[in-house]
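The values are calculated or read from the model by the stated rules, or taken from the named source; none is laboratory data. Fair warning: this is a prediction, and the values are worked out from it, not measured in the lab. Neighbour counts run over all protein chains shown; Cβ positions are idealised from the backbone, glycine included.
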Amino acid sequence: MKIGCIRVSTAEQNTVRQEVLMRELGVDEVFIDRASGKNTSRPELARMMEYVRQGDTVVVESISRFARNTRDLLELVERLTAKNVEFVSKKEAIDTSTPTGKFMLTVFGAVAELEREYILQRQREGIAIAKNCGKYTGRRAREYPEFARLAGRCRSGEMTAAEAMRRLGMSKTTWYRRVKNGAG
């Protein structure tokens with residue numbers, strides 16, 4: 001059975017191009033993620049990895065649609081191989097049923113990871129330039145109107161910090177940073 005794996009980075013992006021390719025390749029089942037490829041914590045990827053069986057072939061449009069770094073790519077393919085499932089990337093013409101395909105998978109995975117690092121580097125450089133020009137101030141701090149009142153209740157022993165964080169929907173790190181800075 002041919003299993004298609006499609007990924008776009010955001011919910012707004014279109015999957016049609018990849019879906020058409022999957023139909024052209026005769027894919028039987030398709031799993032579509034609308035999430036960043038920076039890691040493998042994607043719901044449809046997890047479903048697909050659970051779904052595939054011995055003799056299946058996982059088909060992707062390109063390696064970058066499957067994984068963004070070599071370690072994740074090789075780990076996913078290793079998991080597929082352990083289930084006797086082949087991996088095919090159409091764009092890079094990689095087929096893990098051949099020794100050359102396995103070698104090329106490693107090479108293209110490293111190139112995809114390098115490309116991702118270049119993107120992140122350019123992003124950091126752009127942010128630094130924008131900051132120097134006063135055009136980038138970062139993400140606006142989230143407002144917690146009830147913070148001071150709840151922090152006061154914690155200091156007086158009426159409430160635990162955990163309860164206050166839960167009510168505010170605030171992370172532990174943010175809570176203690178604000179308490180330390182005297183924001184409450």
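Points to keep in mind about this one:
- Of all the listed residues (T15, T10), the sole one being loosely packed, with under 13 Cβ neighbours inside 10 Å and either modelled with pLDDT of 90 or more or farther than 19 Å from F87 by Cα (or both) is T10.
- Residue check for A162: more than 22 Å from the chain's Cα centre (by Cα), in a helix (DSSP H, G or I) and not assigned by TED's automatic domain parsing to the domain that holds E29: yes
- Scope the range 107-137; condition touching a helix residue (DSSP H, G or I) at 6+ places or on another chain (Cβ under 7 Å), within 30 Å of D56 (Cα to Cα) and not acidic (D, E); matching residues: F108, G109, A110, A112
Per-residue answers, yes or no, for (1) farther than 19 Å from I6 by Cβ; (2) modelled with pLDDT under 90; (3) of a type outside the set (D, E):
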{"position": "T81", "(1), (2), (3)": "yes, no, yes"}
{"position": "F87", "(1), (2), (3)": "no, no, yes"}
{"position": "D95", "(1), (2), (3)": "no, no, no"}
{"position": "T106", "(1), (2), (3)": "yes, yes, yes"}
{"position": "E117", "(1), (2), (3)": "yes, yes, no"}
